[in-house]
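Working notes for the structure below.
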């Protein structure tokens, strides 16, 4: 893509109220646009990075043999009343009334909706187990929306739901999901702790959060650096030593990037989502749910991957792999940069080509660091005099000169 066509306007100055680095960089690089407190839209570069996360998650969900569905956000009051969550869910629901005076809630989570789907389609143990997932927008009526994408009122979430005939089966699947989540976060360049957690108004007796250590994290976790045990401080209470190996627990600040639950029969019992077992006996379906907030995950990646100049994208999430800069507006530079651009496109390498003629050399280099694409290729009169171009990795300080004909042989 040519940068002269990019729908983006970077900012030199941003509000002093913005304190968190990821929030600063998302706004400064024009990856997102704020519509209201806790409500953001994605702009082209931000959306490309978001879609990379979505694709990573979708690939892992399909490895679990989960089927993708899509459920509505606008859900009638009666479903929420069945589980008594209309007024008890925390944060409270956004509640709306249509022109016929019928009342709806904007979904912050989809347990009621998916249980309703399943009770209409499953009646035998032969239909179990199975799982479904969606990537869809959620609405959270947060009292305080701060930190950019870390705490918002509308956001995209991957929610996976699984359905089982017995406890043994759901425990096996739960462990598979844990492994899948670690794969997702690794591909995003993160190393989270998996800690025991409270289930809150979602419910269930077993719950785990995936926490990324960060100075800006709103959560506190206790971690054993000897055996790996971890717990949210709400779950652990006042314990100071590891219940597994008696080692002293370390307190860390962290950002939650995922939360998984064994729901048991909390929803299936009250909503009568039952199945007949091998003996013809009617039993409630055992359920699990597993969530990842995608915008928060994106923001966490930036929080852990940046420097004073800008973002340093992990390869798997970068909006483009290469940032090609035509540093001066001379015909020789333009001709050489145009050819490199076409060659990279032919090689199916994602490239952002800064072909702008109204920007100074300094402005182009500053924006390149701000955008933080994995590789920067600079075409200039100085390098062309040596029959070379300059290539530099964003996460390295030193650059090197290479012959333009060798660019496509590099492993971007």
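Some values worked out for this structure:
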quantity	calculated
Qualifying position, being touching a strand residue (DSSP E or B) at 6+ places or on another chain (Cβ under 6 Å) and either crowded, with 16+ Cβ neighbours inside 10 Å or not assigned by TED's automatic domain parsing to the domain that holds residue 182 (or both), among 70, 94	94
Residue in the range 194-207 that is over 19 Å from the mean Cα position of the chain (by Cα), closer than 24 Å to residue 83 by Cα and either in a strand (DSSP E or B) or not assigned by TED's automatic domain parsing to the domain that holds residue 254 (or both) present	yes
Residue that is farthest from the chain's Cα centre (by Cα) [pool: residues in the range 216-274 that are closer than 23 Å to residue 284 by Cβ and in a loop (DSSP other than H, G, I, E, B)]	272
Some residue of the range 37-55 being in contact with a helix residue (DSSP H, G or I) (Cβ under 6 Å, 6 or more places away or on another chain), over 24 Å from residue 218 (Cα atoms) and surrounded by fewer than 17 Cβ atoms within 10 Å (Cβ to Cβ)	no
Flag if residue 12 is assigned by TED's automatic domain parsing to the domain that holds residue 162, more than 17 Å from residue 293 (Cα to Cα) and in a helix (DSSP H, G or I)	no
Which listed residue, of 137, 166, 84, is in the same structural domain as residue 282 (by TED's automatic domain parsing), touching a helix residue (DSSP H, G or I) at 6+ places or on another chain (Cβ under 8 Å), loosely packed, with under 15 Cβ neighbours inside 10 Å and in contact (Cβ under 8 Å) with a residue 40 or more places away in the chain	84
Residue check for residue 160: assigned to a loop (DSSP other than H, G, I, E, B), buried (at least 19 other Cβ atoms within 10 Å of the Cβ) and either in contact (Cβ under 8 Å) with a residue 40 or more places away in the chain or on the phi > 0 side of the Ramachandran plot (or both)	no
Residue check, residue 311 in contact with a strand residue (DSSP E or B) (Cβ under 6 Å, 6 or more places away or on another chain), touching a residue at least 60 places away in the same chain (Cβ under 8 Å) and either closer than 30 Å to residue 376 by Cβ or surrounded by 16 or more Cβ atoms within 10 Å (Cβ to Cβ) (or both)	no
Enumeration of residues in the range 390-406 that are outside any loop (DSSP other than H, G, I, E, B) and within 32 Å of the chain's Cα centre (by Cα)	391, 392, 393, 399
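The values are calculated or read from the model by the stated rules, or taken from the named source; none is laboratory data. What you see is a predicted model, and the numbers here were worked out from it, not measured in a lab. Note: ideal-geometry Cβ built from the backbone for every residue, glycine included; neighbour counts use all protein chains shown.
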